[in-house]
Amino acid sequence: MKEVNPEHVCVATALTFPKYHDELFEVINSPIYFEDEDCREIIKACIAIRELGRTPDLVSVAEKSKVNPKIIFSYTSLDYFYEWQNAALTVRERWMFRKFKEACARGIEADYEDIFDLLTGHSEEVNAIVSSVDTLKTEKIQDIAIQAINDIAKLKNNEITGAPSGIYKLDTHTRGFQPSDLVIVAARPGMGKTAFALNAGRASAQKGTVLFFSLEMSAIQLVKRMHAQDGRVTMDEIFKDSPSESKWPILMEIADNIGQLDIEIYDRISYIEDIAAKVSTVAKRKKVSLVVIDYLGLCSTRERVQSEEVRVSRISWKCKQMAKRSNVPVMLLSQLSREVEKRANKRPQLSDLRYSGAIEQDADMVLFPWWSQRYEM
């Protein structure tokens, strides 16, 4: 039986299976681990593409790397990708072994002057190799217990420990949206899902960067809505009627305040894999307080799915994994089914979520914005 080359398995997975990218590139987060020159160049291109917030594929890697496209394409025919986890760890282990042998060789060839200097230098090299796998280790239970106690202590002072929603009563119940939580905000059209998300974004921007992925509205439409949320300028004045002369100084003041908010809006990303890559990249550079995705119905996945139910379940699961891996709260907006309209009191419930089984399983919190006055008019 032909021996499986772990470097080839990693490259094949990186090129053809984006659903494994987050886990794969946690282990092989640098091209230096690869001995094969072509593999090293391909992984280098993949990492560079991910840093741009995009998902590596055959075309983008061929454009980015210096490797012959025929060689790149040849990796897609490999049929042992299912071993990618062991392969990634093996690539790291073999790199460690090569580095260790190099360190030992240097120690043997070094001139004998001061044995203590020689041992100190040698041990530093070995420690550097060992510490390179710190990212693959789990945290000690003692450290996690201390962190848990600190979080519990904050509750005594009524602190908002997570990302605030901007609504006082809600924040007193939730203590804010907590890191690694998937928060579903579901309602029928016109109930204020986007308005709620923008309000949460403005409040959370005080604690860190807010990433707002808008799949429905353009960035300019969202910012216009934020102008109207101030309360001194109406939606009609923003979208239909031009504000009066007396309102323009107010409008400019609002614009200046919005411009100072730490909010990044992305309105051209629709694949959940690309969203996850962008979140991961930004979260490594700075503190992200909240991620908003508006909304589930327009979100796509690069995975081949056979039904709408599978698509929703995959996206929901990927959102939860995104929240866990980047340790940020993720707010996912979703539409409710028409069943709520048939109910006498029109109040939403969990069963109104489209394909609610998958969403309920992944969600840590489900919120239903509901405007009763709309049905009483």
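Bear in mind these aren't lab numbers, they're just calculated from the coordinates by the rules spelled out. Not measured: the values here are computed from a predicted model. All Cβ positions, even for glycine, are placed from backbone atoms using ideal geometry, and neighbour counts span all protein chains on display.
Neighbours of GLN349 by Cβ distance under 15 Å: Lys/Arg scored +1, Asp/Glu scored -1, total +3.
Exposed loop sites are taken as GluC sites (Glu not before Pro) in a DSSP loop (any state but H, G, I, E or B) with at most 10 other beta carbon atoms within 10 Å; the longest stretch of the chain without one runs 140-377. Antiparallel beta bridges, as assigned by DSSP with both residues in the chain, represent about 10 percent of the total such bridges. One equal scatterer on each Cα of region 236-292, no solvent, Debye formula: the resulting log10 I(q)/I(0) at q = 0.14, 0.17, 0.26, 0.28 Å⁻¹ is -0.62, -0.74, -1.07, -1.16. Straight Cα distances below 20 angstrom link LYS284 to the aspartates and glutamates ASP22, GLU23, GLU26, GLU51, ASP134, GLU139, ASP181, ASP262, GLU264, GLU273, ASP274, with same-chain residues fewer than 8 positions distant left out. In this structure, the residue pairs whose Cα-Cα separation is over 32 Å, taken from LYS44/LYS320; LYS286/LYS318; LYS207/LYS342; LYS193/LYS324, are LYS207/LYS342. Across the options HIS173, PHE368, ILE32, the greatest Cα extent toward the positive end of the charge dipole of the chain (unit charges at beta carbon of Lys, Arg, Asp, Glu) belongs to PHE368. Would you mind counting up the charge near ASN257? Only other residues with Cβ under 14 Å from its Cβ, with Lys and Arg at +1 and Asp and Glu at -1. Combined, the nearby Lys, Arg, Asp and Glu give -2.
Dipole magnitude for the chain: about 1560 debye, using +1 per Lys or Arg Cβ and -1 per Asp or Glu Cβ, origin at the Cα centre.
Counting Lys and Arg as +1 and Asp and Glu as -1 over every other residue whose Cβ lies under 15 Å from the Cβ of ILE72, the net charge comes to -2. Converting the Cα gyration tensor eigenvalues of region 165-302 into ellipsoid dimensions via √(5λ) gives semi-axes, longest first, of 26, 17, 16 Å. Take the Cα of GLU303, step 7 Å toward its Cβ, do the same at VAL126, and the gap between the two points is 4.4 nm.
Using only Cα atoms and rounding to the nearest 10 degrees, what angle (0 to 90) does helix 6-16 make with the longest principal axis of the chain? On a 0 to 90 degree scale, this one is about 20. Comparing SER337, SER289, SER165 in a Gaussian network model of the chain where C-alpha atoms under 10 Å apart are linked, the largest mean-square fluctuation is found at SER337. Taking only the alpha carbons of region 29-113, we obtain Rg and Dmax values of 16.5, 55 Å in that order. Taking Cα atoms, how many degrees apart are the long axis of helix 219-229 and the longest axis of the chain, rounded to 10 and kept between 0 and 90? Taking Cα atoms only, the helix is inclined about 50 degrees. Relative to its Kirkwood radius, the Cα radius of gyration of the chain gives an Rg/Rh of 1.06.
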